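Data block below; observations after.
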Amino acid sequence: MSFPEIAARLHNIKPFHVMELAKIAASLEQQGQHMIHMGIGEPDFTAAPAVIEAAHQAMLDGKMQYTSAIGLPALREAIAAHYLRVYGLNIAPSRIVVTAGASAALLLACAALVERGSQVLMPDPSYPCNRHFVAAFDGEAKMIASGPETRFQLTGDMVREHWSASTRGVLLASPSNPTGTSILPDELARIVDVVRRHDGFTIVDEIYQGLSYEGAPWSALALGEDIIVINSFSKYFNMTGWRLGWLVLPQHLVPQIEKLAQNLFICPSSIAQHAALACFTPESSALYQARRQEFKRRRDYIVPALIDLGFKVPVLPDGAFYVYADCSALSDDADKLTLEIMHQAGVVVVPGLDFGPATAHQYIRVSYATSMENLQEAVRRLKLFFAK
């Protein structure tokens, strides 16, 4: 029996190693080994009570039909009000497109802006799916080695140096997965200036922006209406499985993105949209702020604990819930080390392999999106592991 050839672009898309490790961990759990999961970036908190109640009420009221492809008008208005309240930014609701998660937002943005041969600059390390979204539209993700001296982020000088005739834009994340580091506002302004000089696009993934621990709240949208920002209800709002996110776009791009969304997704989940309206109540906002402080407390515990174990943490993560830890003093193979830790200590962390070649063998990513009790037990197990 013969089968048709798969599209050539699939050869440029690699498996998500984090998910492969999760499979191994699940298998060990089925065999009776207790695992502490510090691999996948998923908050241990669930949706706020008001959100769950709003979803229940939406179902009781029969609000389960298709919505507009770009989202409920009320939700777009609520997101715009959120930007005004938190960031002091007056964003027109008409510039906001609600999507089926941040992944759909990235997919739509790349579908609109990336063509065959388009080159998109991004830091190495960065979230692996970002380069695969570019590859899905026959573009090339140009990974630029970015170490602790630049907070694992691009700089204006780096963008200027690596821009070529085929470069179309930059895809950034602030705070970043896997490093938890942000691009400082002045540096991001320099990057945007370089991109504008080349008539390119700037996409900034801000899905962890609500989980920033240092300084005043800030968004890349403050730099102008040509910036494309991606956000999500998954991380700060603790709604990972609800698959709901949004884009903030230049006004002229909205009709083009709407056309794509109509064809690719029909619409985001109607129930998730009605539920998400409850994210912006005073009660829910207070809860999210308390949880944000709890994530900061966990960060302030796990970073010194990792250093005591022999890891190096060259840049203190100022957001998200990740520590990017240099394991070179403990092993010359981060992938091998994480597998040994998983099997022998029952602690799941992930190597730099997913995030780009520059840090693949030297760094591991530790997620502290789990309880303080689990973090303390993980540290105890790691002490025993390294003592051997």
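Would you kindly find the accessible area of His162, with a 1.4 Å probe and non-protein molecules such as ligands, DNA and RNA excluded, rounding to the nearest 10 Å²?
His162 has an accessible surface of roughly 50 Å² with all protein chains in place.
Check Ser232: other-chain or 5+ apart residues with amide H under 5 Å from its amide H, H built from backbone geometry?
Under 5 Å from the amide H of Ser232 lie the amide H atoms of Trp246, each far enough along the sequence or on another chain.
Hey, can you rank 96-105, 326-335, 284-293, 265-274 by average C-beta count inside 10 Å, highest first?
96-105, 265-274, 326-335, 284-293
State the answer as a single residue: which of Ala220, Leu309, Gln289 lies farthest towards the positive end of the charge dipole of the range 211-352, with beta carbon charges of +1 for Lys and Arg and -1 for Asp and Glu, about the Cα centre.
Of Ala220, Leu309, Gln289, it is Gln289.
Normalising by the residue count of the range 324-368, find the relative contact order in percent from Cα pairs under 8 Å and 6+ residues apart.
45 percent
For the range 192-197, take each phi angle, set θ = phi - 60°, evaluate the Karplus expression 6.51 cos²θ - 1.76 cosθ + 1.60, and give the result in whole Hz per residue in order, putting x for glycine and proline.
So the Karplus estimates, Gly and Pro as x, are 4, 4, 5, 4, 4, 4 Hz.
Hey, what number do you get for the chain at 222 nm if only DSSP H runs of n ≥ 4 count, each worth -39500 (n - 2.57), divided across all residues, to the nearest 500?
Details: 12 runs with 157 residues, N = 388.
So the helix-based figure for the chain works out to -13000 deg cm²/dmol.
With a 10 Å radius around each residue's Cβ, average the other Cβ atoms per peptide and rank 75-87, 176-188, 239-251, highest first.
Highest to lowest by the protection proxy: 176-188, 239-251, 75-87.
Would you please put 219-231, 123-135 in order of how densely packed they are, using the mean number of other Cβ atoms within 10 angstrom per residue and starting with the highest?
My ranking of the peptides, most packed first, is 123-135, 219-231.
Answer with a single label: of (1) 25.4; (2) 21.1; (3) 22.5, which was calculated as mean projected area of the Cα convex hull in nm² from the structure in view?
Label of the calculated value: (2).
Using modelled amide H (1.01 Å from N, peptide plane; none on Pro or chain starts), what sits under 5 Å from the amide H of Gly147, excluding residues fewer than 5 places away?
Placed amide hydrogens put Phe152 under 5 Å from Gly147.
To the nearest 10 Å², what's Arg196's accessible area with a 1.4 Å probe?
About 100 Å², rounded to the nearest 10.
For the range 262-388, what does the alpha-carbon gyration tensor say about shape, rounded, prolate or oblate, given a ≥ b ≥ c as the root eigenvalues, a/c under 1.5 as rounded, and a/b over b/c as prolate?
Verdict is prolate for the range 262-388.
Please report, in debye to the nearest 20, how large the charge dipole of the chain is about its Cα centre when each Lys and Arg carries +1 at its beta carbon and each Asp and Glu carries -1 there.
Details: 32 positive and 38 negative charges, 50 e Å.
Dipole of the chain, to the nearest 20 debye: 240 debye.
How large is ³J(HN,Hα), in whole Hz, for each residue of the range 82-99 in order, when computed from phi with the Karplus curve 6.51 cos²θ - 1.76 cosθ + 1.60 and θ = phi - 60°, using x for Gly and Pro?
Each residue of the range 82-99 in turn: 4, 5, 5, 5, 8, 10, x, 10, 8, 9, 5, x, 5, 8, 9, 10, 7, 10 Hz.
Let me have the relative contact order for the chain, percent, based on Cα pairs under 8 Å that are six or more residues apart.
Relative contact order for the chain comes out at 24 percent.
Give the separation of the Cα centroids, the range 318-356 to the range 110-183, in Å.
What the calculation gives is 23 Å, centre to centre.
Which of the three applies to the range 16-111, rounded, prolate or oblate, going by the alpha-carbon gyration tensor with a ≥ b ≥ c and a/c under 1.5 meaning rounded?
prolate
Anything over 22 Å Cα to Cα? Flag those among Lys14/Lys312; Lys336/Lys383; Lys23/Lys312; Lys235/Lys259; Lys312/Lys336, in the order listed.
From Lys14/Lys312; Lys336/Lys383; Lys23/Lys312; Lys235/Lys259; Lys312/Lys336, over 22 Å: Lys14/Lys312; Lys23/Lys312; Lys235/Lys259.
Using modelled backbone amide H atoms (1.01 Å from N, in-plane), which distant-in-sequence or interchain residues come within less than 5 Å of Tyr363's amide H?
Those qualifying (amide H under 5 Å, at least 5 residues apart or on another chain) are Cys327, Gly352.
If you plug each phi of the range 198-207 into the Karplus form 6.51 cos²θ - 1.76 cosθ + 1.60 with θ = phi - 60°, what whole-Hz ³J(HN,Hα) values come out, in order, with x for Gly and Pro?
Once θ is set to phi - 60°, the couplings for the range 198-207 become 9, 6, x, 10, 10, 10, 10, 7, 10, 5 Hz.
What number comes out for the charge environment of Pro250, summing +1 per Lys or Arg and -1 per Asp or Glu over other residues with Cβ under 12 Å away?
-1
Grab the beta carbon distance between Ala92 and Gln256, set R0 = 25 Å, and tell me the FRET efficiency rounded to 0.05.
0.90
Which of rounded, prolate or oblate describes the range 164-317 when judged by the alpha-carbon gyration tensor and an a/c cut-off of 1.5?
Judged from the Cα gyration tensor, the range 164-317 comes out oblate (a/c at least 1.5, b/c at or above a/b).
Please tell me the relative contact order of the range 149-303 in percent, rounded to the nearest whole number, where contacts are Cα pairs under 8 Å and at least six residues apart. The partial results should precede the final answer.
Details: 172 pairs, mean separation 24.9, N = 155.
After rounding, I find 16 percent.
Which value results for Rg/Rh of the range 102-182 when Rg is the Cα radius of gyration and Rh the Kirkwood radius based on the inverse mean 1/r? Can you show the working numbers first?
Numbers: Rg = 12.1 Å, Rh = 12.7 Å.
So for the range 102-182, dividing Rg by the Kirkwood Rh gives 0.95.
If you place +1 on the Cβ of every Lys and Arg and -1 on the Cβ of every Asp and Glu, how big does the dipole about the Cα centre of the range 91-161 come out, in debye to the nearest 20?
220 debye
The values are calculated or read from the model by the stated rules, or taken from the named source; none is laboratory data. If you're wondering where the values come from, they're calculated on a predicted model, not measured in any experiment. All Cβ positions, glycine included, derive from the backbone under ideal geometry; neighbour counts span all protein chains shown. Protein only, heavy atoms only, side chains kept; ligands, DNA and RNA dropped before computing areas. Shrake-Rupley method; radii C 1.70, N 1.55, O 1.52, S 1.80 Å.
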